[in-house]
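Report on the following structure.
The values are calculated or read from the model by the stated rules, or taken from the named source; none is laboratory data. Model, not experiment: these values are computed from the prediction. Here the Cβ positions follow ideal geometry from the backbone for every residue, glycine too, while neighbour counts run over all protein chains shown. Ligands, DNA and RNA are stripped out before the accessible areas are found, and what is left, the full protein with its side chains, is counted by its heavy atoms. Shrake-Rupley method; radii C 1.70, N 1.55, O 1.52, S 1.80 Å.
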Amino acid sequence: MFPAAARFMLSAFDAQHFPADEGVEIACCGRSNAGKSSALNALMGRKNLARTSKTPGRTREINFFSLDAGDQRRLVDLPGYGYARVSKSERRSWGVLVDDYLDMRASLSGVLMVVDIRRGLLDFDRQMLAWCGAAELPVLILLSKADRLSKSHRSNAVREHRGDAEVVRSEAAVLAFSSTTRLGLDEARQWLSDHLTGTADGRAP
């Protein structure tokens, strides 16, 4: 099931194009340029399944990826938030699309949040964490680009960002991650597998 069967399903620019609301989904979110697409590619074992770009804010639709032959388990790539170089109307349309997704999807069973370890949680990240808390959804925060810090600085950053996250959402799991060196990859895949198959026991990775 995961990640061998991963494949792109569809892109949705509005709610009427979402796939059938059945099975289990994990949504992936994060600030633009946090490394979300690279993390998704690493997790799904594909180089270019999720489009990567040096231009932040490229993902402007919701992309659905199937993780099994029956399309009953999915990863969902939400548009990156917080990028200032797009028009206000464009940001509003992204917001409506994401709000529709979050409010409508009964199959949404968890959230994977990608955060640049060098920046930590920003306002949009905290807002999403608070929403997940209200919706009682499990969250895994991937502290991306962790290979760019020394081991000691990385440990300190994880400890600091975990404390920051727990102020907003005490149950959030936090994991140092690198799509380049595969740091944290096995643990992140295990978290996803547990929450996609209903075997999660609440332990942090």
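The table for this structure:
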| read-out | value |
| --- | --- |
| Answer from Phe8, Phe2, Phe13 - the residue that is in contact with a strand residue (DSSP E or B) (Cβ under 9 Å, 6 or more places away or on another chain), more than 20 Å from Arg118 (Cβ to Cβ), modelled with pLDDT under 95 and buried (at least 18 other Cβ atoms within 10 Å of the Cβ) | Phe2 |
| Those residues of the range 156-179 which are open to solvent by 40 Å² or more (accessible area, probe 1.4 Å), more than 27 Å from Asp103 (Cα to Cα) and out of contact with any strand residue (DSSP E or B) (no Cβ under 8 Å at 6 or more places or on another chain), in sequence order | Asn156, Arg159, Glu160 |
| Any hit, the range 24-42, residues being part of a loop (DSSP other than H, G, I, E, B) and touching a helix residue (DSSP H, G or I) at 6+ places or on another chain (Cβ under 7 Å) | no |
| Subset of the range 170-203 [under 16 Å from Gly30 (Cα atoms) and part of a loop (DSSP other than H, G, I, E, B)] | Ala172, Phe177, Ser178, Ser179 |
| Index of the failed condition, Asp194 passing every other in (1) closer than 17 Å to Leu75 by Cβ; (2) touching a residue at least 12 places away in the same chain (Cβ under 8 Å); (3) not aromatic (Phe, Trp, Tyr) | (2) |
| Any pair with Cβ under 6 angstrom, 6 or more apart, that starts in the range 123-137 at a residue that is without any contact (Cβ under 8 Å) to a residue 40 or more places away in the chain and aliphatic (A, V, I, L, M) and ends at one that is assigned to a helix (DSSP H, G or I) and surrounded by 15 or more Cβ atoms within 10 Å (Cβ to Cβ) | Ala130/Val168 |
| Candidates Ser150, Ser109 - the one that is under 14 Å from the mean Cα position of the chain (by Cα) and hydroxyl-bearing (Ser, Thr, Tyr) | Ser109 |
